[in-house]
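Please read the structure below before turning to the comments.
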Amino acid sequence: MQEFEIKFYDKPDGTKPVAEFIKKLDPKMKSKVIWTIDALESCGNGLREPYSKHLDDGIFELRAKVSTDISRTLYFFIVGKRVVLTHGFIKKTKKTPPEEIELAKKYRNEYLNRKGNQQ
């Protein structure tokens with residue numbers, strides 16, 4: 001199976017929200033998040049629950065859980081087996097907060113406007 005290319009969304013100022021999120025995680029959660037990113041790289045759109053779930057309008061979430069802590073990393077696909085991770089957060093509610101999904105959509109629109117499907 002051909003692997004997918006994983007990219008981190010970068011804001012116009014160069015910061016990468018996913019990288020910042022991962023840096024702040026405790027070691028166990030960091031390890032679990034990196035494991036799910038590796039699984040996404042290997043499986044791409046074949047990755048399913050409990051590790052990945054479609055949320056809305058082409059926005060997906062990577063799911064990681066350690067004990068009672070739950071993290072989510074949102075992402076979208078672009079042409080050519082590429083995946084862009086937008087940002088992550090620690091989940092405190094049963095459903096993924098709509099504002100997190102909207103932020104991922106905003107980042108996707110910014111990314112596509114700046115880079116198109118080429119990057």
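Considered as a group, the residues in the range 6-20 that are charged (D, E, K, R) and part of a loop (DSSP other than H, G, I, E, B) include one that is most open to solvent (accessible area, probe 1.4 Å), and that residue is Asp13. If you go through the range 65-119 and pick out every residue that is small (Gly, Ala, Ser) and modelled with pLDDT under 95, you end up with 3. Checking each residue in the range 84-114 for being among the basic types (Lys, Arg), closer than 19 Å to Gly14 by Cβ and open to solvent by 60 Å² or more (accessible area, probe 1.4 Å) picks out Lys106, Arg114. Do we find that Lys30 is in a helix (DSSP H, G or I) and crowded, with 17+ Cβ neighbours inside 10 Å in this structure? Yes. Would you confirm whether or not the range 43-57 contains a residue that is within 15 Å of Phe89 (Cβ to Cβ), at pLDDT 95 or above and of a type in the set (A, V, I, L, M)? Taking every residue of the range 43-57 in turn, at least one turns out to be within 15 Å of Phe89 (Cβ to Cβ), at pLDDT 95 or above and of a type in the set (A, V, I, L, M). Residues that are without any contact (Cβ under 8 Å) to a residue 40 or more places away in the chain, assigned to a helix (DSSP H, G or I) and of a type outside the set (Asp, Glu) within the range 71-115 comprise Pro98, Leu103, Lys106, Asn109, Leu112, Asn113, Lys115, listed in sequence order. Filtering the range 41-69 to residues that are surrounded by fewer than 17 Cβ atoms within 10 Å (Cβ to Cβ) and β-branched (Val, Ile, Thr) leaves Val66, Thr68. Exactly one residue out of Lys23, Lys81 is farther than 23 Å from Lys11 by Cβ, among the basic types (Lys, Arg) and either open to solvent by 20 Å² or more (accessible area, probe 1.4 Å) or touching a strand residue (DSSP E or B) at 6+ places or on another chain (Cβ under 8 Å) (or both): that is Lys81. Taking the condition loosely packed, with under 15 Cβ neighbours inside 10 Å, within 15 Å of Arg108 (Cα to Cα) and out of contact with any strand residue (DSSP E or B) (no Cβ under 7 Å at 6 or more places or on another chain), does Asp38 pass? For Asp38, the condition - loosely packed, with under 15 Cβ neighbours inside 10 Å, within 15 Å of Arg108 (Cα to Cα) and out of contact with any strand residue (DSSP E or B) (no Cβ under 7 Å at 6 or more places or on another chain) - is not met. Taking the conditions (1) under 21 Å from Pro97 (Cα atoms); (2) not β-branched (Val, Ile, Thr); (3) not in a helix (DSSP H, G or I) in turn, Glu3 satisfies each one other than (1).
The values are calculated or read from the model by the stated rules, or taken from the named source; none is laboratory data. Here the structure is a predicted model, which means the values were calculated and not measured. Cβ atoms come from the backbone with ideal geometry, glycine included; neighbour counts cover every protein chain shown. Surface areas here come from the heavy atoms of the whole protein model, side chains and all, with no ligands, DNA or RNA. Shrake-Rupley method; radii C 1.70, N 1.55, O 1.52, S 1.80 Å.
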